[in-house]
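Read through the structure below, which is laid out as structure tokens, and then see the notes.
Here, each number is a calculation from the coordinates, and none is a lab measurement. Treat the numbers as computed from the prediction; the structure is a model and nothing was measured. All Cβ positions, glycine included, derive from the backbone under ideal geometry; neighbour counts span all protein chains shown.
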Amino acid sequence: MKPYRKVIKKVRRFIAYPADLKWMFVEAYFYLAWARVLKLLPFAKVAPSLGERMRETPYTSTTEQDLLHRKVSKAVHAMSRITWWESQCLVKAIAAMKMLERRGVASTLYLGSGRDETGKMIAHAWLRSGSYYVTGNERLERFAVVAVFGKQTEATVLSPIER
């Protein structure tokens with residue numbers, strides 16, 4: 001009986017969200033799927049679509065963009081928990097980058113490496129837009145940046161519902 005109630009609670013919570021956020025959740029799900037497909041390809045083929053190598057975007061953003069950063073972050077993190085495929089840091093960062101790119105917002109994808117508690121080499125990816133870390137901001141100090149991809153986008157005209 002408990003799992004059934006959890007599902008009902010989640011459905012009610014989703015219904016209470018504004019329409020633009022609901023569409024953003026759907027968009028995040030599809031971009032997570034697309035990013036997962038890209039992860040299966042050789043990185044040399046995918047890298048050009050991530051932006052200009054070793055170029056960072058500005059750390060400034062508008063108040064409207066800050067709100068958008070939080071919405072995209074929330075949608076990507078929420079939907080990554082319910083995908084049946086692996087949606088870890090790189091997949092989330094690419095999905096969020098594509099969502100921001102669609103809205104004409106610049107972002108920077110960072111790839112880093114470091115060591116875990118046992119000394120094993122690990123990799124991590126995170127996305128920054130303006131001064132806001134949209135994805136992957138957990139324990140960044142553990143990682144040394146090895147690659148940066150800046151995506152400076154042209155502003156497109158989207159209606160407020162699409163933003």
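The condition of being free of Cβ contacts under 8 Å to residues at least 12 places away in the same chain, among the hydrophobic types (A, V, I, L, M, F, W, C) and either in contact with a Ser or Thr (Cβ under 7 Å, 6 or more places away or on another chain) or surrounded by 21 or more Cβ atoms within 10 Å (Cβ to Cβ) (or both) holds for only one of M121, M97, that being M121. Just for region 124-135: of the residues that are buried (at least 20 other Cβ atoms within 10 Å of the Cβ) and in a strand (DSSP E or B), which one is farthest from the chain's Cα centre (by Cα)? That would be H124. Apart from one condition, E138 fits all of (1) closer than 22 Å to M79 by Cβ; (2) of a type outside the set (S, T, N, Q); (3) crowded, with 16+ Cβ neighbours inside 10 Å; the exception is (3).
Being surrounded by fewer than 14 Cβ atoms within 10 Å (Cβ to Cβ), closer than 21 Å to L140 by Cα and touching a residue at least 12 places away in the same chain (Cβ under 8 Å), is that true of even one residue in region 5-22? So far as region 5-22 goes, no, none of its residues is surrounded by fewer than 14 Cβ atoms within 10 Å (Cβ to Cβ), closer than 21 Å to L140 by Cα and touching a residue at least 12 places away in the same chain (Cβ under 8 Å). Residues in region 39-62 that are within 21 Å of G104 (Cβ to Cβ) and in a helix (DSSP H, G or I): P48, S49, L50.
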